[in-house]
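The values are calculated or read from the model by the stated rules, or taken from the named source; none is laboratory data. The structure presented is a predicted model; accordingly, all values stated were derived computationally and were not measured. Because the Cβ atoms are built from the backbone with ideal geometry, glycine has one as well, and the counts that use them run over all protein chains shown. We work out accessible area using only protein heavy atoms, side chains counted, and drop any ligands, DNA or RNA first. Shrake-Rupley method; radii C 1.70, N 1.55, O 1.52, S 1.80 Å.
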Amino acid sequence: MARRIAMAAAFVALALVPAALAQAPAPAATPSGPPNVTAILEKGGQYTTFMRLMKETQQDTQLNSQLNSSFGNNGGGGYTVFAPTDNAFNNLKPGTLNSLTQQQQVSLVQGHVLPSYYSMDSFQTASNPVRTQASGRDGPYTLNITSDTNNQVNVSSGVVEVRINNALYSTKPLAVYSVDKVLLPVELFGAKAPAAAPTPSEGKPKKGGSSDAASPDGADDSATGAASVRAVGWSVAGLAAVLGYLL
């Protein structure tokens, strides 16, 4: 009898094992590989112009390669991309992109990429100016990132300012944020310095300068001299007349 009870208990225990396994939570899925900027923008569905610029300047290939290198590297700083929508590009002055050289288009795209990973929370403590991937003769292109009283984050290139919208992707080493304006770099689109004023001609008389021929004082002196000569002439003539009378 005891033997039968033991066998029954063993069968019950075996029957409960599959149920316990079925109720155990599944392990969290781990990323299968590094993030891909192109795939993220394609999924967003409204970034075709930015994607085309990245492809034409080969910045998509370069950024994806850098992400591959830094993926899984705890020492890597990651990257942050501000992706302008198609409407943002449509709102630019006609011909803006075509007026840029190939190198300037590269700088435009790189000016939308930060060489560090920023979550929305870390933007609150960003130290301005924030360096971008673009650089020129005067150093790297920079952005200013600030937050308002409503904890909304704004980014400024010095030419335009825009609020950062939703995150298309935000898992280290990559964050991609949607923006409604193109971040035109001040180095390419800032106000030009005014041209230097022409120097006055050397032959042109200076205002207020003295010239005997043109000044009133010179005219007075000439008139006075002529009157003196005439007076001397009359005196000589009178003296001659007196001498002639006496002789």
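Sequence-distant or interchain residues sharing an amide H contact under 5 Å with residue 169, placed H: which?
176
For the pair residue 166/residue 144, report the inter-label distance in nm, with labels modelled 7 Å from Cα in the Cβ direction.
Placing both labels 7 Å along Cα→Cβ, they lie 3.0 nm apart.
Using the heavy atoms of the protein chains alone and a 1.4 angstrom probe, what is the accessible area of segment 37-179 per residue in square angstrom?
For segment 37-179, the solvent-accessible area averages 51 Å² per residue.
Tell me, in nm to one decimal, what length is gained between residue 38 and residue 121 on full extension, where the rule is 0.36 nm per residue of separation less the Cα-Cα distance?
Values: separation 83, 0.36 × 83 = 29.88 nm, distance 2.47 nm.
Computed gain between residue 38 and residue 121 is 27.4 nm.
For segment 37-179, what is the largest minus smallest coordinate of the Cα atoms on each principal axis, given in angstrom and ordered from greatest to least?
39, 37, 36
Please list the non-local residues whose amide H lies under 5 Å from the amide H of residue 57, H modeled 1.01 Å from N, same-chain partners needing a gap of 5 or more.
Counting only residues 5 or more places away or on other chains, the set is empty.
Which trypsin sites (Lys or Arg not before Pro) does segment 101-169 hold that lie in a coil by DSSP with at most 10 other beta carbons within 10 Å? It would help to have the intermediate numbers written out before the result.
On the way: sites: 131, 137, 163; in loops: 137.
Sites meeting the loop and neighbour criteria: 137.
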